[in-house]
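The values are calculated or read from the model by the stated rules, or taken from the named source; none is laboratory data. Please read all numbers here as calculations on a predicted model, not as lab measurements. Positions of Cβ are generated from backbone atoms using ideal geometry, with glycine treated the same way; all protein chains shown enter the neighbour counts. The protein model used for the area step is the full one, side chains on, heavy atoms only, and it has no ligands, DNA or RNA in it. Shrake-Rupley method; radii C 1.70, N 1.55, O 1.52, S 1.80 Å.
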Number of protein chains: 4
Amino acid sequence: MKPNIKNIAVLTSGGDAPGMNACIRAVVRTGIYNGINMFGVLQGYQGLINNNIIPMDARSVSNIIHLGGTILKTARCLEFKTDEGMEIAYQNLKARDIDGLIVIGGDGTFTGARNFSNKYNIRVMGIPGTIDNDLYGSDFTLGYDTAINTVIEAIDKIRDTADSHDRLFFIEVMGRDSGCIALRSAVASGAEAVLLPERHTSIDELVSQLASGASTKKSSSIVIVSEGHKAGGAYDIAKQVKEQFNHYDTKVTILGHLQRGGSPSSFDRILGSRLGFAAVNEMLQGTSKAMVGLRGNEIKTTGIDEALSRHSFKLENDLLEMTKVLSI
Amino acid sequence: MKPNIKNIAVLTSGGDAPGMNACIRAVVRTGIYNGINMFGVLQGYQGLINNNIIPMDARSVSNIIHLGGTILKTARCLEFKTDEGMEIAYQNLKARDIDGLIVIGGDGTFTGARNFSNKYNIRVMGIPGTIDNDLYGSDFTLGYDTAINTVIEAIDKIRDTADSHDRLFFIEVMGRDSGCIALRSAVASGAEAVLLPERHTSIDELVSQLASGASTKKSSSIVIVSEGHKAGGAYDIAKQVKEQFNHYDTKVTILGHLQRGGSPSSFDRILGSRLGFAAVNEMLQGTSKAMVGLRGNEIKTTGIDEALSRHSFKLENDLLEMTKVLSI
Amino acid sequence: MKPNIKNIAVLTSGGDAPGMNACIRAVVRTGIYNGINMFGVLQGYQGLINNNIIPMDARSVSNIIHLGGTILKTARCLEFKTDEGMEIAYQNLKARDIDGLIVIGGDGTFTGARNFSNKYNIRVMGIPGTIDNDLYGSDFTLGYDTAINTVIEAIDKIRDTADSHDRLFFIEVMGRDSGCIALRSAVASGAEAVLLPERHTSIDELVSQLASGASTKKSSSIVIVSEGHKAGGAYDIAKQVKEQFNHYDTKVTILGHLQRGGSPSSFDRILGSRLGFAAVNEMLQGTSKAMVGLRGNEIKTTGIDEALSRHSFKLENDLLEMTKVLSI
Amino acid sequence: MKPNIKNIAVLTSGGDAPGMNACIRAVVRTGIYNGINMFGVLQGYQGLINNNIIPMDARSVSNIIHLGGTILKTARCLEFKTDEGMEIAYQNLKARDIDGLIVIGGDGTFTGARNFSNKYNIRVMGIPGTIDNDLYGSDFTLGYDTAINTVIEAIDKIRDTADSHDRLFFIEVMGRDSGCIALRSAVASGAEAVLLPERHTSIDELVSQLASGASTKKSSSIVIVSEGHKAGGAYDIAKQVKEQFNHYDTKVTILGHLQRGGSPSSFDRILGSRLGFAAVNEMLQGTSKAMVGLRGNEIKTTGIDEALSRHSFKLENDLLEMTKVLSI
């Protein structure tokens, strides 16, 4: 039996990711299309506690599908991890008769939603929104495709100058625990080497790989370094390589937070739209404590408990192997 | 038993598509990595007949992964459809002891490869490269993702001005028989309406849809028109709408061939790399008269006969339905 | 003696142009910095008449410097050309004690401001904002640089495919009376020919120029057509050329309104900032009925009467001559 | 009297800059148009010494106008500073009967050309190509406009996320001795503060400025740091600020060499074309030991001796003052 839902709120939490706005638009309009009153919570769980909750109509999400960031803003919120925080949040939702909460974010966001839903009679649906692509239940998370496009556009520019001189470039990309961005960026930019948090690569190995490229007359080399690599960030690695390997001049770029921004790619806008659309429809059908995700080319639902309990080791080993062949 | 293959040639044929260069790079380097002598054929099947075949080494595909177009050029070739044309092509390959031919292109390209392989002892593998996404055997074809990104970047710019005035914009996109580009572009750009070759939409229906948007205070509207729509191109449709509906000023953009160009997106670079890598590896394992394609997140092989015989009606009806909800 | 000005309003009028938001930001913040109360008028002169005037503070122009379009919107307004319209507009300004009006736009916008200022005791300053670069008093108008960048990015994509096939591309760009966009786009894209409203070029001349390129082994050619060219738009010209010249396949792109949008270039953001800053400072110093413009690398003031009375024939003939040499 | 020049060579030297290819194309084609045999020197002055000099025809510079980097490559060359090096270079030119040398680069490049021309009977013309905009004799150097566009596109992406959280971003841009890139980037991106090599800014001043922004409810702040700033790079400054000012979370981006690459902007393509065209025409008229530059909107010639002897303190103080007003 379908539940009788009248009011739904949506929030974004954790690090922001391109495509969140496309997703918010889809959530709000799908709700309104189905006769639901829609609300937006500003600054994630903190906004729930601070009662920063605003009504949203179809026009309130006009002309946002192409914008980076999130119009609802995000924030980290320690208070929501406490019983007191959750209670205040619940009262604020109850005061508006809000029955359902849709959260867009990563692991931490889903954990908060699960705990909240375990304690209170609020339906929750999670949407995987993080550039890190480190969640179980969706082949790709919202923002990942855009982030890689951002990285390769930067590397393309560096390659212009790499080709003019004989140089070795170290590019540090995001990924504390996950090499997803680094690996796909390496494939898509034709990088000569990639250092991942999930793999140990010694400086000796790296130097030997670069030396082999030099011997086959590569005019320059690009090394992508995950910020979470054990041997250090791009600066440290460049310094260590330089000590052993003087063939090239070494240069460092730290991309930093620009990887979180930018207008979302078509892939992320479509993914955000589909996930938002599905999350509301699933909730209206009675689903709760679940996430929607992309599997193959279809949107599927996974229980949040299952999603959180299963380790998401997503590193695509076939791509890593391929990189070695394609960078000869 | 693995065949004894020593020499492989690669060509691009039909309309060019972003990602073809990434794919050529992968084909050439994967072959070389496996000890094969690699050749490039210039200008598609015409180059086979004209004996325009050059040896390629690992450096000949350096710094091309990010380039639009195809370094091997493409051409349409009627002569290859004749017995005489195929015989000359075969002799040119034989003279170099080339055992395998990898073709990157669409339907027509695959048909040529199939016929050639039926007649001569040349192994062939097909790689789906076309912005139209109209092939069976691959969820996405090489170039499709980039083409949609190109379209939505154009529409984003139009929306800047759409939002400043009260206007109705008609954007004509590619797709003579397939609405794939139009539909995904419509979702990703938040267009108010989309006209597809596969669907009849009368001018009355369109006007009524636009009138409903106007009544809900949309400040402007964007209509995407496939070039293959039955009621005419964007100019014709704009004129017909204008006669019935004077609420807005109407403006037309014809994107044309810029949709075929541009630096490939990360998605297409990775797809091209994977497909090229897989095509060579499959051929070295003994596969022939087959294509490689992306299904879900995996590369799979399909027989060219099967691929050509099955109608590829790929229009994503769920996305079309969703568009109506999300453009309220 | 400095005038005693307390309240200033700003509006954008005519076709919108990238950089208008950067300029609005500069106007508002420069006013506030100098202790002035600032107002924004929505939808140009129509907003003056409709009393659509809102107070603006420093935060109201946060995060807009990079946005295309104009947050104040523009509109064409016939009513402001009448005595009655101007009287209503004046009363609406007077009711708020607004002493000064800063208008961003083109020729028509400046004419309105001049007439208004002639009739009423309102100080006016004009800022040249139009992609057409057709105003006297400023070497470059706001939006022109971005528009050319937009055109050449489109042509770069077309060239990718032009280089793959042997083709002739016709690109229609904006410019009813002015060939400024067409000419600079032609230089910057390396186009083979350019058709301008200010120059008669017969189809015979064009065909002979293209034939000469073909004879020197150019693999493809790009022809830029101003929408205002006497022999017709890009479609007409392509058709006429095709009848005489069968060497290439011909393809047409109509860029249309996407030329008005897009994130402003650094040039336009800096120009908009400087012009807005100068317009307010000049007004506070007592200047009125004048425009600010860029001459060389300096901001200079010109009387609006002078600006309007002098014909602005800006076509850069040296660039036109150069184009012929550089496209050999 | 016009000199009798039959053969001219062109080279690029120093750090590469976007627009160099557009300039090479203009030099080569203008020479050929005037009946001169044109040569390209690979890898700057090193190529002169290594006899790495190739003939160039009109087609050899096809389809390069839009490419970053330089097809002639650049290199630093100590050997050319010696008498022996210059003598070898001279013999290599003489062997081909080359009468004129056109060099594209910065200060060091011009010094080399001057010394060479003082010693040998070779005509030289200099073209200012460097992203740093630090040469006397040209308002803007080739590549500067593109570099700033690259920086602001990066900052726009960072601002997306800056607006979602409450954060303080430090962006390190190029400029060891010159704050030109930093200053114009700050204006164009609406940065809250900018640290330049030419100005001492203490951490206390910076913190007080940021605190004032926080008090006026700015949701986030962006600080641009020239790599040459006395108080250290972006990492050092961020650390020092963090110690005093805990209002925001701090994040660092080091743009590095991506600022040298990318497809040149229309401004740089046009500038490169004009400078290359003028340099050849000037040389053919008899000018030598001079540079061509942009002044206002015209191309003017300056003696290399004068250009080198005059200190180019180009920091635009009016823009620096304006930044303070516009970032309130």
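Quick one: in the stretch C:45-63, which of the residues that are under 24 Å from C:Gly106 (Cα atoms) and open to solvent by 60 Å² or more (accessible area, probe 1.4 Å) is nearest to the other protein chains (Cβ to nearest Cβ)? I'd like the intermediate steps shown before the answer.
We begin by selecting, within the stretch C:45-63, every residue under 24 Å from C:Gly106 (Cα atoms); these are C:45-54, C:56, C:61.
Cutting the leftovers down to open to solvent by 60 Å² or more (accessible area, probe 1.4 Å) gives us C:50-51, C:54.
Values: C:Asn50: 14, C:Asn51: 19, C:Ile54: 16 Å.
Restricting to residues being under 24 Å from C:Gly106 (Cα atoms) and open to solvent by 60 Å² or more (accessible area, probe 1.4 Å), the top hit is C:Asn50.
Considering only the stretch A:245-255, state which residues are open to solvent by less than 10 Å² (accessible area, probe 1.4 Å) and facing another protein chain (nearest Cβ under 8 Å). Lay out the reasoning, then the answer.
Initially, the stretch A:245-255 is screened for residues open to solvent by less than 10 Å² (accessible area, probe 1.4 Å), giving A:248, A:253-255.
A:Thr253, A:Ile254, A:Leu255 - these are the residues of the stretch A:245-255 that are open to solvent by less than 10 Å² (accessible area, probe 1.4 Å) and facing another protein chain (nearest Cβ under 8 Å).
Since B:Gly68 meets every condition but one in (1) within 12 Å of another protein chain (Cβ to nearest Cβ); (2) open to solvent by 10 Å² or more (accessible area, probe 1.4 Å); (3) closer than 30 Å to B:Leu258 by Cβ; (4) in a helix (DSSP H, G or I), which condition does it not meet?
(4)
Within the stretch C:40-63, track down each residue that is within 24 Å of the chain's Cα centre (by Cα), part of a loop (DSSP other than H, G, I, E, B) and of a type outside the set (A, V, I, L, M).
Scanning the stretch C:40-63 gives C:Gln43, C:Ser62, C:Asn63.
Working only within the stretch B:1-41, note down all residues that are among the polar types (S, T, N, Q) and within 14 Å of chain C (Cβ to nearest Cβ).
The answer is B:Thr12, B:Ser13, B:Asn21.
Going through the stretch C:266-283 one residue at a time, which ones are open to solvent by 10 Å² or more (accessible area, probe 1.4 Å) and either basic (Lys, Arg) or within 12 Å of chain D (Cβ to nearest Cβ) (or both)? Please lay out each step first, then the result.
As a first pass, look at the stretch C:266-283 and keep what is open to solvent by 10 Å² or more (accessible area, probe 1.4 Å): C:267, C:274, C:277-278, C:281-282.
Residues satisfying the conditions are C:Phe267, C:Arg274, C:Phe277, C:Ala278, C:Asn281.
Every residue in the stretch A:1-24 that is more than 23 Å from A:Lys81 (Cα to Cα) and open to solvent by 10 Å² or more (accessible area, probe 1.4 Å), please. Break it down stepwise before answering.
Pass one, the stretch A:1-24, residues more than 23 Å from A:Lys81 (Cα to Cα): A:1-7, A:18-24.
Listed by number, the residues that qualify are A:Met1, A:Lys2, A:Pro3, A:Asn4, A:Ile5, A:Lys6, A:Asn7.
State whether the residues of the stretch D:83-101 include one that is within 30 Å of D:Ala191 (Cβ to Cβ) and either in contact (Cβ under 8 Å) with a residue 24 or more places away in the chain or open to solvent by 40 Å² or more (accessible area, probe 1.4 Å) (or both). Walk me through it before giving the result.
Within the stretch D:83-101, the first condition is being within 30 Å of D:Ala191 (Cβ to Cβ), and the residues that meet it are none.
Within the stretch D:83-101, not a single residue is within 30 Å of D:Ala191 (Cβ to Cβ) and either in contact (Cβ under 8 Å) with a residue 24 or more places away in the chain or open to solvent by 40 Å² or more (accessible area, probe 1.4 Å) (or both).
Quick one: would you say A:Ile299 is modelled with pLDDT under 95 and either of a type in the set (Val, Ile, Thr) or in a helix (DSSP H, G or I) (or both)? Step through it out loud before you land on a result.
On the way: modelled with pLDDT under 95: no; either of a type in the set (Val, Ile, Thr) or in a helix (DSSP H, G or I) (or both): yes.
Against the criterion (modelled with pLDDT under 95 and either of a type in the set (Val, Ile, Thr) or in a helix (DSSP H, G or I) (or both)), A:Ile299 does not qualify.
How many of the residues making up the stretch D:1-39 are part of a loop (DSSP other than H, G, I, E, B) and under 21 Å from D:Pro128 (Cβ atoms)? Spell out how you get there, then give the answer.
So the first thing to find is which residues in the stretch D:1-39 are part of a loop (DSSP other than H, G, I, E, B), and the list is D:1-6, D:13-19, D:34-36.
With the extra rule that they be under 21 Å from D:Pro128 (Cβ atoms), the set shrinks to D:13-19.
Summing the residues that are part of a loop (DSSP other than H, G, I, E, B) and under 21 Å from D:Pro128 (Cβ atoms) in the stretch D:1-39 gives 7.
With (1) outside any helix (DSSP H, G or I); (2) outside the structural domain of A:Met20 (by TED's automatic domain parsing); (3) hydrophobic (A, V, I, L, M, F, W, C) as the list, and A:Leu319 as the residue in question, which single condition is left unmet?
(1)
Which residues, counting only those in the stretch D:143-158, are farther than 16 Å from D:Ile224 by Cβ and either within 14 Å of chain A (Cβ to nearest Cβ) or in contact with a Cys (Cβ under 6 Å, 6 or more places away or on another chain) (or both)? Before you say what the answer is, go through the steps one by one.
The first filter runs over the stretch D:143-158 and keeps only residues farther than 16 Å from D:Ile224 by Cβ, leaving D:143, D:145-146.
Across the stretch D:143-158, the qualifying residues are D:Gly143, D:Thr146.
So which residues in the stretch C:234-244 are touching a residue at least 60 places away in the same chain (Cβ under 8 Å) and more than 10 Å from every other protein chain (Cβ to nearest Cβ), if there are any at all?
Matches in the stretch C:234-244: C:Ile237, C:Ala238, C:Val241.
Among the residues in the stretch B:255-270, are any assigned to a strand (DSSP E or B), among the polar types (S, T, N, Q), in contact (Cβ under 8 Å) with a residue 12 or more places away in the chain and in contact with a strand residue (DSSP E or B) (Cβ under 9 Å, 6 or more places away or on another chain)? Steps first, please.
The initial filter retains those residues of the stretch B:255-270 that are assigned to a strand (DSSP E or B), namely none.
No, because not a single residue in the stretch B:255-270 is assigned to a strand (DSSP E or B), among the polar types (S, T, N, Q), in contact (Cβ under 8 Å) with a residue 12 or more places away in the chain and in contact with a strand residue (DSSP E or B) (Cβ under 9 Å, 6 or more places away or on another chain).
Only one of these is touching a helix residue (DSSP H, G or I) at 6+ places or on another chain (Cβ under 6 Å) and more than 14 Å from chain B (Cβ to nearest Cβ): C:Phe140, C:Phe116. Name it. Full working, then the answer.
Working: C:Phe140 fails: touching a helix residue (DSSP H, G or I) at 6+ places or on another chain (Cβ under 6 Å).
Result of the check over C:Phe140, C:Phe116: C:Phe116.
Residue by residue through the stretch C:26-44, note down the ones that are open to solvent by less than 10 Å² (accessible area, probe 1.4 Å) and closer than 23 Å to C:Gly112 by Cα. Before the answer, list the steps.
Just the residues of the stretch C:26-44 that are open to solvent by less than 10 Å² (accessible area, probe 1.4 Å), to begin with: C:26-31, C:38, C:40-41, C:44.
Of everything in the stretch C:26-44, those that are open to solvent by less than 10 Å² (accessible area, probe 1.4 Å) and closer than 23 Å to C:Gly112 by Cα turn out to be C:Ala26, C:Val27, C:Val28, C:Gly31, C:Met38, C:Gly40, C:Val41, C:Gly44.
Looking at the structure I just gave you, is C:Asp107 outside the structural domain of C:Thr302 (by TED's automatic domain parsing) and acidic (Asp, Glu)?
no
Being among the hydrophobic types (A, V, I, L, M, F, W, C) and over 21 Å from A:His257 (Cα atoms) is the filter; apply it to the stretch D:192-246 and report the residue that is modelled with the lowest pLDDT.
Once the filter is applied, the top-ranked residue is D:Ala231.
Can you name the residue in the stretch A:284-328 that is of a type in the set (A, V, I, L, M) and free of Cβ contacts under 8 Å to residues at least 40 places away in the same chain and, of all such residues, is surrounded by the most Cβ atoms within 10 Å (Cβ to Cβ)?
Narrowing the stretch A:284-328 to residues of a type in the set (A, V, I, L, M): A:284, A:290-292, A:294, A:299, A:304, A:307-308, A:315, A:319-320, A:322, A:325-326, A:328.
Of the ones still in play, those that are also free of Cβ contacts under 8 Å to residues at least 40 places away in the same chain are A:299, A:325.
Working: A:Ile299: 19, A:Val325: 17.
Checked the stretch A:284-328; the qualifying residue surrounded by the most Cβ atoms within 10 Å (Cβ to Cβ) is A:Ile299.
Among the residues of the stretch C:126-165 satisfying the criterion of being among the acidic types (Asp, Glu) and out of contact with any Leu (no Cβ under 7 Å at 6 or more places or on another chain), which is modelled with the lowest pLDDT?
Within the stretch C:126-165, the first condition is being among the acidic types (Asp, Glu), and the residues that meet it are C:132, C:134, C:139, C:145, C:153, C:156, C:160, C:163.
Still in the running and out of contact with any Leu (no Cβ under 7 Å at 6 or more places or on another chain): C:132, C:134, C:145, C:153, C:156, C:160, C:163.
Working: C:Asp132: 93, C:Asp134: 91, C:Asp145: 98, C:Glu153: 97, C:Asp156: 96, C:Asp160: 85, C:Asp163: 65.
In this case the residue turns out to be C:Asp163.
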